[in-house]
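Note sheet for the following structure.
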Amino acid sequence: MLQKVHPHARQAGRDAEDVTSAQPRLLMCEPAHFAINYSINPWMEPAKWAAAAHSVAVSQWSALHDALAQTGAAIEKVAPRAGLPDLVFTANAAVVLDRTALMARFRYPERQGEEPVFTAAFEGMRKRGLIERLVVLPEGVVLEGAGDCLFDEARNLFWMGFGQRSEGAAAAAIEATFGLPVVSLQLADPRFYHLDTAFCPLPSGDVIYYPGAFTDEGRAAIAARVSEKQRVVLDEAEAAQFSANAVCVGRTIAMSRCSDRLRGELAARGYDVVATPLDTFLQSGGSAACLTLRLDRCSASRSP
Ligand code: ARG
C-alpha cells in the first residue's frame, strides 16, 4: 500500500535549517536515561519500576517519534543526560511562541537540574536561527513550560494551569513575554498535575479536556470560551489513559490510547487519531504531549 506522505515530509532532510518554512517542528529527547527513581506525582512509584521496562520505553518512544515524523514534522533533539530521567518530557522545557522561548523553572529539586540542559539546547537552537530570544522567568516564579501553558491558536491566547506545579503568578510573565492574554485554570486533582495531562486545544478551536481536573471556576472559564459544540469531554477512564495528553500535527493527533468513542468524536471534527502506546511513560505521569514541545508556533499577528 502506498503510504500517505505529508507535503512537508519531503522537506525534512533537504531543508532542515530552512526556518522560514511552515514545517512543524518538535523538540524531543531520547529516553536513554529514562527511569522512575523518585516520586513527584501520584503516578510515580519507584518500587514498581522494573529495569526491564527501559527497553519497552525505548521502543514506545521510537514509535511516537516515527509517527510524528510521518506527519512531516521535523524533530529536534536534546541529548539525554544521566541522572535526569525526566528530561524526556521536553514539554516542560519552555513555553515557545513566535520564536521566543520562556524558559521553565521547576518546582521540585529532582527536575531543577534540567533547567541548564534545556537552556543550553535552546541556546544552540538560537545560534541556528530556530529561536530568536530566550527569556528568563522573574526570580522565584515557577512555570513548568508547555506542560502548564498551552497556546490556543484558534483563540490566540494561552491557557495556563496552576496550583499543582506552576504558580498563578506566572501568568503575568507569560503575558509580558508574548503580549497575549492568559486564561488561568486551577488544577484540582493531583493525578492531573500539569495542564497538558487534562487539556488539549486543537487548531480547529475544539478542545479535548477532562472536567474533573479543574475547579468549578476553571470549568466556568473553559465554558466561557469554548462553545459546547467545541468541547470534546473525556470521561475519567479516558482521562486516566492520558488521552488529553495528545500531540496534534496538522489533522493528525497522536496519543497513547484512544477509545472508539473518542476516535469517532475526533473523526467527526476532521482529525485522524494515531494511537501509539506509551504506558511506560504513564508510569512517570507522562504521555505523548509531555514527550514533545512544539517549536514553530506563531501568534495571529506573526503568522505568515
Ligand atoms: N515525571 C514527570 C514529572 O512529574 C512527568 C512530566 C510530564 N510532563 C508533562 N508535560 N505533563 O514532572
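When the residues of region 124-149 are filtered to those that are assigned to a helix (DSSP H, G or I) and either within 12 Å of the ligand (Cβ to nearest atom) or touching a His at 6+ places or on another chain (Cβ under 9 Å) (or both), the one that is nearest to residue 25 (Cα to Cα) is 146. Looking only at residues of region 142-170 that are under 18 Å from the mean Cα position of the chain (by Cα) and aliphatic (A, V, I, L, M), we find that the one that is farthest from residue 88 (Cα to Cα) is 154. When region 34-53 is filtered for residues that are within 28 Å of residue 107 (Cβ to Cβ) and away from the ligand (no atom under 15 Å from the Cβ), the ones remaining, listed by number, are 47, 50, 51.
Go through region 61-75 residue by residue and tally those that are crowded, with 22+ Cβ neighbours inside 10 Å and of a type outside the set (Gly, Ala, Ser).
Count: 4.
Examine region 105-116 for a residue that is under 17 Å from residue 196 (Cα atoms), hydrophobic (A, V, I, L, M, F, W, C), part of a loop (DSSP other than H, G, I, E, B) and within 16 Å of the ligand (Cβ to nearest atom), and state whether such a residue exists. The answer is yes; a qualifying residue exists. Among all residues of region 276-294, there is none that is over 21 Å from residue 90 (Cα atoms) and either surrounded by fewer than 20 Cβ atoms within 10 Å (Cβ to Cβ) or more than 16 Å from the ligand (Cβ to nearest atom) (or both). Being within 15 Å of the ligand (Cβ to nearest atom), touching a Leu at 6+ places or on another chain (Cβ under 9 Å) and in contact (Cβ under 8 Å) with a residue 24 or more places away in the chain holds for only one residue in 74, 101, 94, 121, and it is 94. Within region 207-241, being of a type in the set (A, V, I, L, M, F, W, C) and over 27 Å from residue 280 (Cβ atoms) holds for 207, 214, 220, 221, 222, 223, 224, 226, 233.
With the structure loaded, tell me whether residue 177 is under 29 Å from residue 44 (Cβ atoms) and of a type in the set (Val, Ile, Thr) or whether it fails that test. Here the answer is no, as residue 177 does not meet what is asked. Within this structure, residue 198 fails the test of being out of contact with any helix residue (DSSP H, G or I) (no Cβ under 6 Å at 6 or more places or on another chain) and among the hydrophobic types (A, V, I, L, M, F, W, C). Please verify whether residue 176 is over 21 Å from residue 217 (Cβ atoms) and either touching a Pro at 6+ places or on another chain (Cβ under 8 Å) or within 14 Å of the ligand (Cβ to nearest atom) (or both), treating the condition exactly as stated. Spelling it out, it is not the case that residue 176 is over 21 Å from residue 217 (Cβ atoms) and either touching a Pro at 6+ places or on another chain (Cβ under 8 Å) or within 14 Å of the ligand (Cβ to nearest atom) (or both). A residue that is under 20 Å from residue 208 (Cα atoms), assigned to a helix (DSSP H, G or I) and not hydrophobic (A, V, I, L, M, F, W, C) occurs nowhere in region 153-172.
Taking region 215-299 as the region of interest, the helices (runs of 4 or more DSSP H) fully inside it that hold 1 or more residues being free of Cβ contacts under 8 Å to residues at least 40 places away in the same chain and out of contact with any Cys (no Cβ under 6 Å at 6 or more places or on another chain) are 216-225, 236-240, 260-268.
Considering only region 183-198, state which residues are in a strand (DSSP E or B) and either out of contact with any Leu (no Cβ under 8 Å at 6 or more places or on another chain) or buried (at least 20 other Cβ atoms within 10 Å of the Cβ) (or both). Steps first, please.
The initial filter retains those residues of region 183-198 that are in a strand (DSSP E or B), namely 183-187.
184, 185, 186, 187, listed by residue number.
Every number in this text was worked out from the coordinates using simple rules, so none of it is lab data. Predicted model, so just to flag it, every value in this text is computed and none were measured. Note: ideal-geometry Cβ built from the backbone for every residue, glycine included; neighbour counts use all protein chains shown.
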